[in-house]
Amino acid sequence: MNTPLITWAAVVALISLIAVLRIGISLKHRCHIFEIGNEREEIFIPGDPLPENDDDYDED
């Protein structure tokens with residue numbers, strides 16, 4: 001009867017520990033935990049034009 005509760009608590013504890021460790025490492029190395037970027041940084045499809053080549057679009 002207590003097995004699901006113990007399993008759930010162990011999973012939550014493990015995920016919480018990993019999150020705390022990652023935040024601690026990020027703060028120690030002064031890197032950003034969350035960053036704001038554009039959609040090109042989230043989803044990249046090969047063949048998409050790169051942002052520095054924005055003037056290469058052909059107007060047909």
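Since every read-out is calculated from the coordinates, none of them should be taken as a lab result. From a predicted model like this one, the values you see are computed outputs, not experimental measurements. As a convention, Cβ positions derive from the backbone with ideal geometry for all residues, glycine included, and neighbour counts pool all protein chains shown.
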Quiz item: Just in segment 1-31: which trypsin sites (Lys or Arg not before Pro) are loop by DSSP and have at most 14 other Cβ atoms within 10 Å?
Solution: Arg30
Quiz item: Under a point spin-label approximation (7 Å from Cα along Cα-to-Cβ), what is the Ile43-Val12 distance to one decimal in nm?
Solution: 3.4 nm
